[in-house]
Amino acid sequence: MSRGVFITLEGGDGSGKTTQAELLREWLATGGRTVVRTREPGGTEVGVEVREIVLHHRGDIAPRAEALLYAADRAHHVATVVRPALARGEVVIQDRYIDSSVAYQGAGRVLDSEAVRGISEWATEGLLPDLTVLLDLDADAARGRLDEARTRYDRLEAEASEFHDRVRAAYLTLADAEPDRFLVVDAARPVDEIAALIRARVASLL
């Protein structure tokens, strides 16, 4: 059996990752593919606990501690969910991965981005996605979407606009550095247009 396909969705909060992940899952399942849809943090029982800490903990978490918590969750998640699914020849669709840590903890928290990436690469034994879809949306538009959908923000969503501007800039820098891995899509486009662009790129991998 051939190795499966690993697809990640990245972007700021409110960019539409959850919607597009579900649309892609439905399309692949209709075509007969076995799909594992997961997320970080929160894709395992351990991840659920980590998610509660990093996103909903009351009070501050030191930036380095936050980065290490994400990396610890990632190590467990890849070892117990992602790699086994890929070994079975399945398609893994994942909401957030290493690029999120580089953007949020590296640029957002103003840590050494290369160090943050290095920790996650060690934790995952160097596993990179076959495709990373970056849903790009400016911070003001994303905030408007969140205001419509939520009554309260998690710790990262609640950060100031300058934080989210740094995150967006970091994502675009990552995409520029690895154009073969990234598909950058304007997240302000209609949902069905975005889905079609993603399907066309994924089809080339299958």
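For this structure, a couple of remarks:
- Of the trypsin sites (Lys or Arg not before Pro) in the range 1-95, those whose Cβ has at most 14 other Cβ within 10 Å and which sit in DSSP loop: R3, R58, R88
- Net lengthening on full extension, E121/I61 (0.36 nm per residue, minus Cα-Cα): 19.4 nm
- Full-extension gain in nm, R33 to V46, via 0.36 nm per residue minus C-alpha separation: 2.0 nm
- At most 14 other Cβ within 10 Å, DSSP loop - GluC sites (Glu not before Pro), the range 50-133: E125
- Each principal axis of the Cα cloud of the chain was taken in turn, and the coordinate range along them, longest first, works out to 46, 36, 33 Å.
- Under Karplus coefficients 6.51, -1.76 and 1.60, residue-wise ³J(HN,Hα) of the range 113-119 in Hz, glycine/proline x: 4, 5, 5, 4, 5, x, 4
- Between E162 and I53, full extension at 0.36 nm per residue minus the direct alpha carbon distance yields a gain of 36.9 nm.
- Simple spin-label estimate for D112 and D140 in nanometres, 7 Å along Cα-Cβ: 3.7
Every number in this text was worked out from the coordinates using simple rules, so none of it is lab data. Here the structure is a predicted model, which means the values were calculated and not measured. Please note: Cβ atoms are built from the backbone with ideal geometry, for glycine as well, and neighbour counts cover all protein chains shown.
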